[in-house]
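*Asks:* Pasting in a structure now, in structure tokens, and then I'll have a few things to ask.
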Amino acid sequence: MNKKGLTASFIFEAESANYGEGIGNVTSLKKVSRGTGESFTYISRQALRYNIINQMGEDTTPLALDGSVIQFAPDATIKDFPEIDLFGYMKTQKPAKSRAAVVRLSNAVSLESFNADLDFLTNKGLLDRYNSQGGEVKDGGNIAQSEIHKSYYAYTIAIDLDKVGIDSNDDIEIEVKERASRINKLLDTIKLLYRDIKGRRENLSPIFAVGGIYNAKNPFFENKVKVINNKVVVKTIEDVLQLDNEIQNSTYVGLIEGIFSNDQEIKDKLNAISIGQFFENLKADVQSYYTQDK
């Protein structure tokens, strides 16, 4: 089977979707800083993986303990459990086995800087209800603060298509039809991805996407997808497309119109199609890749 990789970068819009360790009564968002002094919030790749596997319905791989360490059960194999096929495993119970992920995710990093906005929270409603019941009266409620940030976010997925469904540790090679089905189920999940956090359901479904299937397994568009003044920076993507004829000929661009201020430029210069068609084209290419080497 030809060694090929699928890579795609996505933009979605979300608010306050991944918190880290708080300080006192302040809940802090996960953030990274740049040399400019600006901070950018992010959703970790682990959080994205959790939501993807959960919404695929594949979070059923049995678990075990090696001492106090939780890990996948020694007898769980990629034949029966797509989670460890796609995202790999490490089993330390002897004989120890490990398999690298064939689906790799980046963090989803905000494209707009964090400006230290805070949400002030109280439980006054519950306090009033409690005091109205009679009995002992409580003076004052509980106060908390949460950092908040609404922004565009970008992340990248990279898949080693030729390694899906193959595990030399257990001498397993899954039929190509099932390999294609697993990748296309993953793509369907990403298309409609969401995240539940703090009583909200955040929509992580892409509003912009760029990618395809290539001989080189480089995540070409990672860190190249930018939004400035509500406009997708088209020139950067054009420059990536001009790196190689294969990149230019094998890349699709998907767009949900009415969000960015330069929709027409994106359509004219990048030949953008709908997000739905973007995923259908990728899925067709995945099916073709596995079928041609059947």
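The values are calculated or read from the model by the stated rules, or taken from the named source; none is laboratory data. Small disclaimer: the values here were computed from a predicted structure and weren't measured. Note that each Cβ is placed from the backbone with ideal geometry, even for glycine, and that neighbours are counted across all protein chains shown. Just the protein is used for accessible areas: all its heavy atoms, side chains included, with ligands, DNA and RNA removed. Shrake-Rupley method; radii C 1.70, N 1.55, O 1.52, S 1.80 Å.
*Asks:* Search segment 225-237 for residues that are free of Cβ contacts under 8 Å to residues at least 40 places away in the same chain and pair each with any residue that is in a strand (DSSP E or B) when their beta-carbon atoms are under 9 Å apart and the residues are at least 6 apart or on different chains.
*Replies:* Correct list of pairs: Asn230/Tyr152; Val233/Val227; Ile237/Val210; Ile237/Thr251; Ile237/Val253.
*Asks:* If a residue has to be touching a helix residue (DSSP H, G or I) at 6+ places or on another chain (Cβ under 8 Å) and either farther than 30 Å from Thr27 by Cα or free of Cβ contacts under 8 Å to residues at least 40 places away in the same chain (or both) to count, how many in segment 143-162 make the cut? Talk me through it step by step, then tell me what you get.
*Replies:* Narrowing segment 143-162 to residues touching a helix residue (DSSP H, G or I) at 6+ places or on another chain (Cβ under 8 Å): 155, 157, 159, 161.
Of the ones still in play, those that are also either farther than 30 Å from Thr27 by Cα or free of Cβ contacts under 8 Å to residues at least 40 places away in the same chain (or both) are 159, 161.
The qualifying residues number 2.
*Asks:* Oh, and also: Given the options Asn281, Asn271, name the one that is within 21 Å of the chain's Cα centre (by Cα), at pLDDT 95 or above and polar (S, T, N, Q).
*Replies:* Working: Asn271 fails: within 21 Å of the chain's Cα centre (by Cα).
The conditions single out Asn281.
*Asks:* Let me ask you something else. Name the pairs whose Cβ atoms lie under 6 Å apart, with the first residue in segment 111-128 and closer than 16 Å to Asn18 by Cβ and in a loop (DSSP other than H, G, I, E, B), the second at pLDDT below 90 and of a type in the set (Asp, Glu), and 6 or more positions between them or separate chains?
*Replies:* none
*Asks:* Still on this structure, please answer the following. Give segment 241-257 a look and list any residue that's over 16 Å from Pro219 (Cβ atoms), open to solvent by 20 Å² or more (accessible area, probe 1.4 Å) and not polar (S, T, N, Q), or say none.
*Replies:* Hits for segment 241-257 are Ile256, Glu257.
Residue-by-condition table, conditions (1) touching a strand residue (DSSP E or B) at 6+ places or on another chain (Cβ under 6 Å); (2) surrounded by fewer than 17 Cβ atoms within 10 Å (Cβ to Cβ):
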{"residue": "Ala101", "(1), (2)": "no, no"}
{"residue": "Leu118", "(1), (2)": "yes, yes"}
{"residue": "Asp128", "(1), (2)": "no, yes"}
{"residue": "Gly135", "(1), (2)": "no, yes"}
{"residue": "Tyr153", "(1), (2)": "yes, no"}
{"residue": "Ile166", "(1), (2)": "yes, no"}
{"residue": "Asn169", "(1), (2)": "yes, yes"}
{"residue": "Lys177", "(1), (2)": "no, yes"}
{"residue": "Leu187", "(1), (2)": "no, no"}
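*Asks:* Next up: Looking only at helices (runs of 4 or more DSSP H) that lie completely in segment 165-253, which have at least 3 residues being over 26 Å from Lys3 (Cβ atoms)?
*Replies:* Output list reads 234-241.
*Asks:* If you go through segment 55-66, how many residues are loosely packed, with under 15 Cβ neighbours inside 10 Å and within 25 Å of Thr156 (Cβ to Cβ)?
*Replies:* Summing the residues that are loosely packed, with under 15 Cβ neighbours inside 10 Å and within 25 Å of Thr156 (Cβ to Cβ) in segment 55-66 gives 2.
*Asks:* Now, a different point. Could you give me the residue pairs with C-beta distances under 7 Å whose first residue belongs to segment 272-294 and is within 19 Å of Gly165 (Cα to Cα), whose second residue is among the basic types (Lys, Arg) and surrounded by 17 or more Cβ atoms within 10 Å (Cβ to Cβ) wherever it lies, and which are 6+ apart or on separate chains?
*Replies:* So the pair list comes out as Tyr289/Lys4; Tyr290/Arg179.
*Asks:* Being at pLDDT below 95 and either at negative phi or of a type in the set (Asp, Glu) (or both) is the filter here; which residues of segment 5-35 pass it?
*Replies:* Across segment 5-35, the qualifying residues are Gly20, Glu21, Gly22, Ile23, Asn25, Val26, Thr27.
*Asks:* I'd like the full set of residues that are small (Gly, Ala, Ser), out of contact with any Ser or Thr (no Cβ under 7 Å at 6 or more places or on another chain) and within 25 Å of Lys4 (Cα to Cα), limited to segment 90-110.
*Replies:* Matches in segment 90-110: Ser98, Ala100, Ala101, Ala108.
*Asks:* Residues that are part of a helix (DSSP H, G or I) and acidic (Asp, Glu): does segment 286-294 have at least one?
*Replies:* From segment 286-294, those part of a helix (DSSP H, G or I) are 286-292; that's our starting set.
Pick out the ones that are also acidic (Asp, Glu) and you get none.
No, because not a single residue in segment 286-294 is part of a helix (DSSP H, G or I) and acidic (Asp, Glu).
*Asks:* Would you check if Thr92 is over 20 Å from the mean Cα position of the chain (by Cα) and open to solvent by less than 50 Å² (accessible area, probe 1.4 Å)?
*Replies:* no
*Asks:* What are the residues in segment 67-80 that are surrounded by 13 or more Cβ atoms within 10 Å (Cβ to Cβ), out of contact with any Phe, Trp or Tyr (no Cβ under 8 Å at 6 or more places or on another chain) and of a type in the set (A, V, I, L, M, F, W, C), if any?
*Replies:* Hits for segment 67-80 are Ala73, Ile78.
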